[in-house]
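One structure below.
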Amino acid sequence: MQREAGTAPVHPSNLPVDGGRMWSDLTALASITEPDRPWTRRSFTPRFLEGRAWLERRFREAGLSTRLDAAGNLIGRREGRVPGAPAIMLGSHSDTVPSGGRFDGVAGVIAALEVARALAAAGTELDHPLEIVDFLAEEPSEYGLSCVGSRGMAGALDGGLLELTGPGGERLDAAIDRVGGNVAALAQARRDDVAAFLELHIEQGPVLEATGTDVGIVTAIVGITRLEIVFSGQAGHSGTTPMDRRQDAGVAGARAMVWLRDEARALAAAGDGYFVATVGIAEVRPGGANVVPGEMRLVVDLRGERRGTMEDFLARLGAEMARIAGEEGARVSVATLSDSLPAHCDATLRAALAASARSLGVSSLDMASGAGHDAAFLSRIAPAAMVFIPCREGRSHCPEEWTEPGQLAVGASVLLEAVRALDARLSRRDAPGGEEA
Ligand SMILES: [Zn+2]
């Protein structure tokens, strides 16, 4: 963590963004919610479209041209000085989980908008175009898919996914068209003209608050591997099956859960990159108070920032589950439900964010993101990085989610100064004889 020695504490009035304007926008967008369950603005719903219409008006008032791309992303654009230059892109999402918070996603969209407004207010023209994006359906949607818009922009929204069905049997491709996308022209949503992508987001965890740090600079967005582990033993009468003659699948499953917890803790303690393991589903069958469990099914969620660590872990897990099953007289099967690679944040963009924090006298901390984000898909087509701001008690995806106005303003300021620096740096690089030619 770094705070420049001798710098004054950060005060909102010293910042290059208008924190009050951001806060009133954030509050206004959050208030577009299902009234009986705040704060809910589910993607593809009328409420979501109402929020988007409000956002588009705000984008236009900030002097941006607006459009919906073929994947249903709302994009505001400010032209740059250099014709044909690739874009610097900022963005996040305006949809929420059911009964979610006011900041997840929205903070990043409002901060991006504020960067555009602060540049205009300062009379700053960039060499590169600036685009700000509200990505469609970042949260898991009713169609069973998350990051719909950023997948589309990365060219990763392929055939099978578009056929997923949601409420009333509507297909995802029809839903994207319904909210203003154009699936027939989906290839046009794929971008190869993005020089840099930055996303501001609330941390959704407790680290920044606990360490008193102003911003987190994300090293990588974790890869996520989900497994289904099923132990099969033999169901029997709990009163009449002696302890030394049991094939108790429940005990095997419980031992597996403890092993997963202990191994993940050991990896974290070894300091070899971020790694977490969670058993969020554990089902015992047949499930009677007087029945020795015949089967236990676990769904395991593993997240890590290093693929090598994940692969080592999976190899040890396979051997360990077999050993536990053997000792309990049970059998075990391990199946992969899903597996995604970690997305590494770009070193140049991270350095720009860190330098921006230093120039503002703001403390920063390098950290992995344990949650998925649109930036993970953008990193497939452009250098991408993220800045985190603290949230109270690390709580997120709940109505209590909270960030202080000053914390949001500090984060947006870091974003703004990073955009200025990257605009200059990218121009030097692209110039004839440029520094990285
Ligand atoms: Zn989010």
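With +1 on each Lys and Arg Cβ and -1 on each Asp and Glu Cβ, and nothing else charged, work out how big the dipole of segment 373-425 is about its Cα centre, in Debye to the nearest 20.
In total the dipole reaches around 240 debye.
Evaluate the relative contact order of the chain (contact order divided by residue number), counting alpha-carbon pairs under 8 angstrom at least 6 apart; express in whole percent.
23
A simple spin-label model places the labels of Ala421 and Thr66 3.2 nm from each other, with each point 7 Å out along Cα-to-Cβ. Within the shell defined by Cβ-Cβ distances under 9 Å, the residues around Thr96 carry a net charge of 0, with Lys and Arg each +1 and Asp and Glu each -1. Here the sum of -39500 (n - 2.57) over DSSP H runs of 4 or more residues, divided by the residues of the chain, equals -11000 deg cm²/dmol at 222 nm, to the nearest 500.
The ranking of Leu15, Leu157 from fewest to most other beta carbons within 10 Å of each one's beta carbon is Leu15, Leu157.
Estimated at 0.36 nm per residue, the fully extended path between Asp244 and Ala319 surpasses their Cα-Cα distance by 24.6 nm.
In order along segment 393-410, the Karplus-derived 3J(HN,Hα) couplings, from 6.51 cos²θ - 1.76 cosθ + 1.60 at θ = phi - 60°, round to 6, x, 7, 8, 6, 8, x, 6, 3, 8, 9, 6, x, x, 5, 5, 5, 4 Hz, and Gly and Pro are given as x.
What is the distance, in nm, between label points placed 7 Å from the Cα along the Cα-to-Cβ direction at Glu79 and at Glu400? A separation of 5.0 nm, rounded to one decimal place.
What does the C-alpha gyration tensor say about the overall shape of the chain? Classify as rounded when a/c is under 1.5, otherwise prolate if a/b is larger than b/c, or oblate. It is prolate, given that a/c is not under 1.5 and a/b is the larger ratio. You can think of it this way: the chain between Ser24 and Asp193 has 57.6 nm of extra reach, that is 0.36 nm per residue less the Cα-Cα gap.
Any read-out appearing in this document is the output of simple, stated calculations on the displayed coordinates, not a laboratory observation. Keep in mind it's a predicted model, so treat the numbers as computed, not measured. Positions of Cβ are generated from backbone atoms using ideal geometry, with glycine treated the same way; all protein chains shown enter the neighbour counts.
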